[in-house]
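One structure is given here, and the rest of the page talks about it.
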Amino acid sequence: MDWGNVTAEDLIGALREVEWTSPPRPLNEFFSRFSFPRSYPKWSSRLKCNLYYYRTNYFVLIVFVLGIACLLRPLSVVASALSALSIALLNDSFAASFNERVTRTVRKFSPHLAAKLRPPHMPVIRGRPSVKKSLYICGQPRWAFVLLFSAASFLLWYTSGTLLFVMWALGVGLLVTIIHASFRTPNLKARLNTFREEFRAVWRNYSDL
């Protein structure tokens, strides 16, 4: 893949659809082979490639920095958890997995209630859904839960008075992520992983035809 031609919108879309359940890359790989990009196009291509390939490592890094900040502000732990959950629900695979686990848990106590939590029936035209498949959580659109958790986390941040402190911690985590992604030389594994993801995407599109 020519990462220089990948836009920020394409990268965000890929991060939403890709699986996030893979374990982080080994530390000896994560902290090796750094070099200074020779030009702006090379830096842009490297940044997007590393953000995609080391996405799990960067997520763990940011959560770790925020965790240290939250230990100093106990009430912010709950607010951080709600914020992280609202952001994670923007990823398609996480939202589908979250909905499945919640429904499965509810089914153990009340099968009748679990049946009501199913998503609404989507009309089908010529063997295909009439609109792009939407994700539902407990029978409600995903954005409703994203807004709910975001509002709850904002309320906790506001009442705890630690929003500015944690925002500084978040800024540090993002800054470290950008610095690492800018100077970490993309390795052969990253390129092979990218090609594999491209093949899977093409195969999924071919299977849907």
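Can you find a residue that is closer than 30 Å to Tyr158 by Cα and crowded, with 16+ Cβ neighbours inside 10 Å anywhere in the stretch 25-44?
No, the stretch 25-44 contains no residue that is closer than 30 Å to Tyr158 by Cα and crowded, with 16+ Cβ neighbours inside 10 Å.
Search the stretch 154-186 for residues being surrounded by fewer than 16 Cβ atoms within 10 Å (Cβ to Cβ) and part of a loop (DSSP other than H, G, I, E, B), and hand back the single one that is nearest to the chain's Cα centre (by Cα).
If we take residues in the stretch 154-186 being surrounded by fewer than 16 Cβ atoms within 10 Å (Cβ to Cβ) and part of a loop (DSSP other than H, G, I, E, B), then Thr185 is nearest to the chain's Cα centre (by Cα).
Please identify the pairs in which a residue from the stretch 103-121 that is within 15 Å of Gln140 (Cβ to Cβ) and crowded, with 16+ Cβ neighbours inside 10 Å has its Cβ atom under 6 Å from the Cβ atom of a residue that is of a type in the set (Gly, Ala, Ser) and modelled with pLDDT under 75, counting only partners at least 6 apart or on another chain.
Filtered contacts from the stretch 103-121: Thr103/Ala114; Val106/Ala114.
Only one of these is within 17 Å of the chain's Cα centre (by Cα), under 27 Å from Phe94 (Cβ atoms) and at pLDDT below 90: Glu19, Glu29. Name it.
Glu19 is the lone residue from the list that is within 17 Å of the chain's Cα centre (by Cα), under 27 Å from Phe94 (Cβ atoms) and at pLDDT below 90.
Among the residues of the stretch 68-76, is any aliphatic (A, V, I, L, M), farther than 18 Å from Gly171 by Cα and either in contact with a helix residue (DSSP H, G or I) (Cβ under 9 Å, 6 or more places away or on another chain) or modelled with pLDDT under 85 (or both)?
For the stretch 68-76, residues aliphatic (A, V, I, L, M), farther than 18 Å from Gly171 by Cα and either in contact with a helix residue (DSSP H, G or I) (Cβ under 9 Å, 6 or more places away or on another chain) or modelled with pLDDT under 85 (or both): present.
Consider Val131 carefully, then state whether it is at pLDDT below 55, more than 21 Å from Leu90 (Cα to Cα) and either outside the structural domain of Leu89 (by TED's automatic domain parsing) or more than 21 Å from the chain's Cα centre (by Cα) (or both).
So Val131 fails the test.
So Leu209 passes all but one of these: (1) at pLDDT 85 or above; (2) under 23 Å from Leu135 (Cβ atoms); (3) hydrophobic (A, V, I, L, M, F, W, C). Which condition number does it fail?
Of the numbered conditions (1) at pLDDT 85 or above; (2) under 23 Å from Leu135 (Cβ atoms); (3) hydrophobic (A, V, I, L, M, F, W, C), the odd one out for Leu209 is (1).
Of the conditions (1) without any contact (Cβ under 8 Å) to a residue 60 or more places away in the chain; (2) farther than 30 Å from Leu117 by Cβ; (3) polar (S, T, N, Q), Ser35 clears all except one; give me its number.
(1) is the only condition that Ser35 fails.
Go over the candidates Ala151, Ala95 one by one and state the one that is assigned to a helix (DSSP H, G or I), small (Gly, Ala, Ser), in contact with a Lys or Arg (Cβ under 9 Å, 6 or more places away or on another chain) and at pLDDT 75 or above.
Going through Ala151, Ala95 in turn, just one is assigned to a helix (DSSP H, G or I), small (Gly, Ala, Ser), in contact with a Lys or Arg (Cβ under 9 Å, 6 or more places away or on another chain) and at pLDDT 75 or above: Ala95.
The values are calculated or read from the model by the stated rules, or taken from the named source; none is laboratory data. Since we're looking at a predicted model, the values are computed, not measured. Here Cβ is always computed from backbone atoms with ideal geometry, including for glycine, and neighbour counts include all displayed protein chains.
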